[in-house]
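Please read through the structure below; I'll follow up with questions.
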Amino acid sequence: MSRTRLLPFTAALAVAALALAGCAGEGSGLAEPEPASTLPGEWSADVLNIDFATYNPLSLIIKDQGWLEEATDGKVTINWVQSAGSNKANEALRAGAIDVGSTAGSAALLARSNGSPIKTIDIYSQPNWAAILVPAGSSISSVDELKGKSVAATKGTDPYFFLLQTLGEAGLSIDDVVLQNLQHADGKAALESGAVDAWSGLDPLLSTSVAVAGSEIIYDNIDFNSYGFLNATEQFISTSPDLAQLVVDAYEKAREYAVANPDETAAILAEVAGIDLEIATAVIQDRTNLEVDPVPGKKQRDVLAFIGPIFVESGDVASQDLIDSALESLFDTQFIDNANPALID
């Protein structure tokens, strides 16, 4: 049944004021917008731009079930934009093309460190979504054999940072390989055609390549993957706290749905990604932990604190001070702290 969330005028102003206070003094370089007043029966904006991605199963569920459309009862246009990777989601967030976007935690830290005015409002998964693959029949069997070889990865995404960490563990650096900066799908195609010697890949493309093309994983390490971060622009948080809360409520409803209905979740992923149900099932059940604490906190901070210096060493961020500042200001827990998935019909 459709329903419209009623936000009392004074409560909406209070929430918006809190959001503004949390954003002040963070050096985003943007003027603080005036909070939009929310009258009973109305929403703070008439359009919500939000992404969906095959690497974020919860986003697929929300889109498939139509919860945001139903909750706003036609009073808000829900504009769904597909993100091909964390780097594309970050580009759209920075440009203001989307209000809410899903990335790897490492990509969110990179964006915030380089001045993008985003906040992480929810943790949507703990995935084991990256690994190093070689083509079927390749003679390469270990990471140290990648020295001098051509390796595909998408800069600004978890598989790229996974590659940096993997090379470092093997005593190599990014300068020891020939990096081909390709979007995930193009990296998969390059691997399978033999155009590159290895690919730092992302699920579900990774699992598809293994199952269909016989590609081989030569290195897999869940500890080198950062969490799945749901990010919102500071402007959206400030001017539309009601919609930000709705999105987080929907995400927690989707988490409940995914845990209770893994087969249906895999079917949704298979349809959107255009992959076999068997592969989608493996991605959901074997390589994705959706029963993770959704509140961004110490676990995510510890992972990013380890990855941060790698950004500086690789030249992706100018200084460690920028990393430290981003870590201190990245998380905004006000919406997940107040999440109520029962409000989503």
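The values are calculated or read from the model by the stated rules, or taken from the named source; none is laboratory data. Since the model is a prediction, treat every value here as computed from it, not as a measurement. All Cβ positions, even for glycine, are placed from backbone atoms using ideal geometry, and neighbour counts span all protein chains on display. Side chains are part of the model used for accessible areas, which takes the heavy atoms of the whole protein and leaves out ligands, DNA and RNA. Shrake-Rupley method; radii C 1.70, N 1.55, O 1.52, S 1.80 Å.
How many residues are of a type outside the set (Gly, Ala, Ser), surrounded by fewer than 22 Cβ atoms within 10 Å (Cβ to Cβ) and under 17 Å from Gly137 (Cα atoms) when one looks only at segment 181-207?
1
Which one of these is more than 23 Å from Thr233 (Cβ to Cβ), surrounded by 13 or more Cβ atoms within 10 Å (Cβ to Cβ) and touching a residue at least 60 places away in the same chain (Cβ under 8 Å): Leu322, Leu304, Leu269?
Leu269
If you don't mind, another one. Any chance segment 92-113 includes a residue that's more than 15 Å from the chain's Cα centre (by Cα) and surrounded by 21 or more Cβ atoms within 10 Å (Cβ to Cβ)?
Checking segment 92-113: at least one residue is more than 15 Å from the chain's Cα centre (by Cα) and surrounded by 21 or more Cβ atoms within 10 Å (Cβ to Cβ).
Can you tell me which residue within segment 167-180, out of those that are modelled with pLDDT of 95 or more and under 24 Å from the mean Cα position of the chain (by Cα), is surrounded by the fewest Cβ atoms within 10 Å (Cβ to Cβ)?
Taking the candidates together, the pick is Leu179.
For the structure I just gave you, tell me whether Leu163 is over 30 Å from Lys63 (Cα atoms) and touching a residue at least 12 places away in the same chain (Cβ under 8 Å).
yes
What helices (runs of 4 or more DSSP H) completely inside segment 55-158 contain at least 2 residues that are over 27 Å from Asp302 (Cβ atoms)?
Ranges flagged: 57-65, 67-72, 86-95.
Also: Enumerate the pairs (first residue in segment 134-148 and under 13 Å from Ala170 (Cα atoms) and of a type in the set (A, V, I, L, M, F, W, C); second residue anywhere and open to solvent by less than 70 Å² (accessible area, probe 1.4 Å) and part of a strand (DSSP E or B)) with beta-carbon separation below 9 Å, excluding pairs fewer than 6 apart on the same chain, so at least 6 apart or on different chains.
Val143/Ile132; Val143/Ala198; Val143/Ile218; Val143/Tyr219; Leu146/Ile132; Leu146/Val134; Leu146/Ala198; Leu146/Ile218
Name the residues in segment 186-222 that are in a helix (DSSP H, G or I), charged (D, E, K, R) and touching a helix residue (DSSP H, G or I) at 6+ places or on another chain (Cβ under 8 Å), would you?
Lys188, Glu192
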